[in-house]
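The values are calculated or read from the model by the stated rules, or taken from the named source; none is laboratory data. Note that the structure is a prediction, hence the values are computed from the model and not measured. Cβ: placed from backbone, ideal geometry, glycine included. Neighbour counts: every protein chain shown.
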Amino acid sequence: MLKRVFIALMSLSVNLHADVTLTDGNGTHTFKSTPVRVASLNWTLTEQLLELDVVPLAMTDQAGYKVWVRQPALPAGIEELGSRSEPNLERLRELAPDLILINEVHSSLLPRLKQIAPVLYFKTFSAEHSNPETAIRVYRQLARLFDKQALAEQRLQEMSEAFRNLSQQLQTAYSGELPRVTTVRFSNPSSVYIYGDNSMSQYALEQLGITAALPQPNSQWGLVQKRVLDLSKIQQGAVLYFEPFAQWPRLESSRLWQAMPFVRKGQIQAVPSTWTYGGAMSLKYLAEALTGSLLAIAPGNQS
């Protein structure tokens, strides 16, 4: 009798926790069990999985991830699916995943991917929503799917605490007068991408109590391409640029660059390679990297 009761209770427990319903960019999906063999065609979603301690079966462009994303580090044993722009669908089919994760970059492949396995399609970057808040929402959705809610909330709380601690470091270093800051990524010595509203880096700066030195409107990826000359509009404030940028010596030595107000004031600093199109936890990595760069040019620290 006790054995039958125990089995019934276990069955009830499984039924209570097995079905998970999620809504993505293509509708509502119900999962009867937790996917085990997960393929990710996008670095952002790969990062989200790893931050839930879920190691994907397969992903695209691992070499590029190690250069541009870097955090969290990739564990060994993940199958390679080729380039992000043209994933190897034949290899994907051979691997027989339980689930495929994609974002807007691969929306055109959705019909073909659905013939291989169930697909979750997240619209991660759009001018119509807050990219950082969407990253956090997707993180929580994936946490539900993989039964990692407690871990997700713990890490989100740790991120909030990190923001507070980093902000306090900056308040101390700048004596309570934080500079306005604009983050950029150089395309070449004459062209620059300026991050603005809706960008991951601007959100990270806002969590540190910092406003933009050269505000930009919403865009899909949170940045706009401008001439480097446009940065001369920053009369008061600092500019932080993301590495790598191989042509930096050429730009730095140009007369145009040397005449920039923030350059003359020593308010320019590199930021170690940090992914600006990532998932929820990339916001913490950005805040850490940006804080380090701002501390380097704080009053009393400039060379």
When you scan region 149-159, how many residues do you find that are of a type outside the set (D, E, K, R) and within 16 Å of the chain's Cα centre (by Cα)?
3
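Out of the residues in region 179-194 that are closer than 17 Å to Gln236 by Cα and in contact (Cβ under 8 Å) with a residue 40 or more places away in the chain, state the one that is farthest from the chain's Cα centre (by Cα).
The first filter runs over region 179-194 and keeps only residues closer than 17 Å to Gln236 by Cα, leaving 179-184, 194.
Now drop any that are not in contact (Cβ under 8 Å) with a residue 40 or more places away in the chain, which leaves 179-184.
Details: Pro179: 24, Arg180: 23, Val181: 20, Thr182: 18, Thr183: 15, Val184: 16 Å.
Per the criteria, the residue is Pro179.
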Can you find a residue that is in a helix (DSSP H, G or I), free of Cβ contacts under 8 Å to residues at least 40 places away in the same chain, of a type outside the set (A, V, I, L, M) and crowded, with 18+ Cβ neighbours inside 10 Å anywhere in region 203-226?
no
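Could you list, in sequence order, all residues of region 158-186 that are loosely packed, with under 15 Cβ neighbours inside 10 Å and either touching an Asp or Glu at 6+ places or on another chain (Cβ under 9 Å) or not acidic (Asp, Glu) (or both)? I'd like the intermediate steps shown before the answer.
Pass one, region 158-186, residues loosely packed, with under 15 Cβ neighbours inside 10 Å: 158, 160-161, 164-165, 168, 171-172, 175-177.
Scanning region 158-186 gives Ser160, Arg164, Asn165, Gln168, Gln171, Thr172, Ser175, Gly176.
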Please verify whether region 124-136 includes one or more residues that are modelled with pLDDT of 95 or more, in a helix (DSSP H, G or I), aliphatic (A, V, I, L, M) and more than 30 Å from Leu231 (Cα to Cα).
yes
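Taking the condition β-branched (Val, Ile, Thr), at pLDDT below 95 and either surrounded by fewer than 16 Cβ atoms within 10 Å (Cβ to Cβ) or within 30 Å of Leu286 (Cα to Cα) (or both), does Thr34 pass?
Spelling it out, it is not the case that Thr34 is β-branched (Val, Ile, Thr), at pLDDT below 95 and either surrounded by fewer than 16 Cβ atoms within 10 Å (Cβ to Cβ) or within 30 Å of Leu286 (Cα to Cα) (or both).
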